[in-house]
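Worksheet for the structure shown next.
Derivation of every value follows stated rules applied to the coordinates shown; laboratory data play no part. No experiment lies behind these values; they were computed from the predicted model shown. Cβ sites come from the backbone with ideal geometry, for glycine too, and all protein chains shown count toward neighbours.
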Amino acid sequence: MKFQLAINMERMDASLDMREVARHTLDMVQMAEAGGFDIVWAAEHHALEMTIAPNPFSILTWWAENTSTIRLGTAVAVAAYWHPIKLAGEAAFVDLISNGRLEFGIGSGAYQREFDRMNAGLKQSDAWQHMQEMLPVVRALWQGDTEHNGKFWSFPTATSCPKPLQKEVPVWVAARAPITYDYAVKNNCNIMSWPLTRGMDEAQTYMDRLNEAVAANPGKKRPVMAMMRHTAVYDRKEDWMSPVRAAQRQLSQFENLFKNLGGVIDGFPKEIPLESVANRAEYDPQMLTTNLMFGTPDEVIAKLQPYQAMGVDDFIYYASMGYGLAEQKRSLELFCRDVIPAFR
C-alpha cells in the first residue's frame, strides 16, 4: 500500500494568523515527502476559510519549489469553473516546473454555494457533464492543436502552452456513484474514493463498484484505487476525543455547505448545533473514532490492514479537519515513523 496526503490551508475561525497556517501547510508537505508519502493533494474551493484554495495550481507551484520528489496533485480541479485552454495550460505549467510530477485530479465540485457564485444557475447535480466534456478536451490540448465545439465550450484551433513534460499525465476522478467508476475505467482514470464517516461496508461497496466496472470493460486497465479517511494519530489512547471533537465541528460545517443552509460569515461557515440535526448518528463519538483513521500507531496499523486486504492501492491521509496545528504535526510524525514502515 502507498500513501498520499490531502492537506488544506484552513481556518475554523479568525484566531489563527493566515501566515502561520501557510507555513504549517508547507511544513506538513515537506514532512510527508521526507516520511515516505508518494503524492500530496491540493483542493479547489472558493470564498471559504475552511479550505483556502482559490487555485490549486498556484498551491502546487508553491509546493513544487519547496520539494523535490513528492508528486503533486489537484483534488480536484472543478471543471465548471475553468475554460479548457486555461486549465490545460495551468496544469501543464505545474508539470513543467515540477519536473514531471503532476497528478491531474478533475471533478464536478461539491457545494451548491460555490456554484451559485462561480457558475450561477448551474446545479451541482448537473456539473458532472462539464467534467466529462472537459477531460478529453484537456488531453487533446496537451497533445497539440485541437478545436472544440461542445455543449459548454467552443473555440477554434488552439493548443496547450506549455505542454506537460510527462508523455501521459496521470488523471484522477473522485468517484462514489457506479456511473463514475465505469467512466474512470473507460477513460483510463485513477480513482479517489471517500467513504466520509461511514463504516467498512461503505468502503467495500466502492471496491465492488470498481470490480464491476473493470469486469464490464474487458481489455481496459484497472485504475489505481485510493481511499481517503480523516486521520489523526496520537501517543496516548486517552487522547481519542480530541480529534473527534475537531471532526464533529468540521462535519457540521460541511453539512451546512452541502445543504446550502447559509450562515457563512466572512468565509467562516456556521456550525450546526448537534442537537438540531436529524442525522445525529453521523456525529456519534464512538462511531467516528471507529470508522475514521483515529488511534495510536498500533491501532491505525490495525485499521489500515483491512483496506489493504480488500485491494485498496493507496491510502489518502486527510489531515485537514480543524485539528490543532501542533497535533497535526505530531500525528503526521507518528504516521511516518511508525505506520508507513508496517506497509513497506
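Mind sorting Ser193, Ser68, Ser242 by how few other Cβ atoms lie within 10 Å of their own Cβ, fewest first?
Ser68, Ser242, Ser193
Can you tell me which lysines have their Cα less than 18 Å from the Cα of Lys237? Leave out same-chain residues fewer than eight positions away.
Cross-link targets: Lys303, Lys329.
What residues qualify as long-range amide H neighbours of Glu103, i.e. H under 5 Å apart, gap of 5 or more or another chain, H built at 1.01 Å from N?
Excluding prolines and chain starts, which carry no amide H, the hits are Leu72, Gly73, Thr74.
Give the lysines whose C-alpha is closer than 17 Å to that of Lys259, dropping any in the same chain fewer than 8 places away, or say none.
Lys123, Lys270
To the nearest 0.05, what FRET efficiency results for Asp239 and Ile179 with a Förster distance of 41 Å applied to their C-beta separation?
Using R0 = 41 Å, I get an efficiency of 0.50.
Counting only the backbone N, which residues of the range 83-114 are under 15 Å from the spot 7 Å out from the Cα of Phe155 toward its beta-carbon?
83-93
Enter the angle in degrees (range 0 to 90, nearest 10) between the Cα long axis of helix 84-97 and the first principal axis of the Cα atoms of the chain, meaning the one along which they spread out most.
70
With a 10 Å Cβ neighbour count serving as the proxy for reagent exposure, in which order, fewest first, do Leu165, Leu5 appear?
Fewest to most other Cβ atoms nearby, the residues stand as Leu165, Leu5.
Against the longest alpha carbon principal axis of the chain, how many degrees, from 0 to 90 and to the nearest 10, is the axis of helix 241-258 turned?
40
If you take every residue apart from Gln124 with its C-beta less than 13 Å away from the C-beta of Gln124, what net charge results, scoring Lys and Arg +1 and Asp and Glu -1?
Summing Lys and Arg as +1 and Asp and Glu as -1 gives +1.
Dipole magnitude of the chain about its Cα centre, charges +1 at Lys/Arg Cβ and -1 at Asp/Glu Cβ only, in debye to the nearest 20?
Its charge dipole is roughly 580 debye.
Go through the range 195-212 residue by residue and turn each phi into a ³J(HN,Hα) via Karplus (6.51, -1.76, 1.60, θ = phi - 60°); whole Hz please, and just put x for glycine and proline.
x, 6, 9, 7, x, 5, 5, 5, 4, 5, 4, 5, 5, 4, 5, 5, 4, 5
Out of Trp41, Trp62, Trp172, any idea which swings most in a Gaussian network model of the chain, alpha carbons joined below 10 Å?
Looking only at Trp41, Trp62, Trp172, the biggest GNM fluctuation is shown by Trp62.
Across the range 159-272, how large is the tail of the calculated P(r) beyond 25 Å, expressed as a percent of all Cα pairs?
In whole percent, the share of Cα-Cα pairs in the range 159-272 beyond 25 Å is 47.
So what J values fall out for the range 109-125 if you push phi through Karplus, 6.51 cos²θ - 1.76 cosθ + 1.60 with θ = phi - 60°, rounded to Hz, Gly and Pro as x?
x, 10, 10, 4, 4, 5, 4, 4, 9, 9, 8, 4, x, 8, 7, 4, 5
To make sure I understand the rule: partners must be aspartates and glutamates, Cα under 19 Å from the Cα of Lys151, and not fewer than 8 residues away in the same chain. Which ones qualify?
Counting by Cα, and skipping residues close in sequence, Lys151 has these aspartates and glutamates nearby: Asp126, Glu133.
Treating the beta-carbon of each Lys and Arg as +1 and of each Asp and Glu as -1, no other charges, what is the dipole magnitude of the range 289-344 about its Cα centre, to the nearest 20 debye?
Dipole magnitude for the range 289-344 comes out near 80 debye.
For Ala326 and Arg19, compute 0.36 nm times the residue count separating them, minus their Cα-Cα distance, and round to one decimal in nm.
The span from Ala326 to Arg19 would gain 109.0 nm if fully extended.
Taking the Cα-to-Cβ direction at Ala216 and at Phe268 and moving 7 Å from each Cα, how far apart do the two end points lie in nm?
4.5
Give the order of Thr25, Thr289 when sorted by the count of other beta carbons within 10 angstrom, beginning with the fewest.
Thr289, Thr25
Using the Cα centre of the range 183-287 as the reference point, and only Cβ charges (+1 on K/R, -1 on D/E), how large is the resulting charge dipole? Debye, rounded to the nearest 20.
520
Could you tell me which residue out of Leu87, Tyr323, Thr296 lies farthest along the dipole of the chain toward its positive end? Charges go on the beta carbon: Lys and Arg +1, Asp and Glu -1, centred on the Cα centre.
The listed residue farthest towards the positive side: Leu87.
Counting Lys and Arg as +1 and Asp and Glu as -1, what is the net charge of the other residues whose Cβ lies under 13 Å from the Cβ of Lys270?
Cβ neighbours under 13 Å give a net charge of -2.
Give the relative contact order (percent, whole number) for the chain; include only Cα pairs under 8 Å separated by 6+ residues.
Contact order relative to length: 20 percent.
Near Ala216, within a Cβ-to-Cβ distance under 13 Å, what is the net charge of the other residues, with Lys and Arg +1 and Asp and Glu -1?
Residues close to Ala216 contribute a combined charge of +1.
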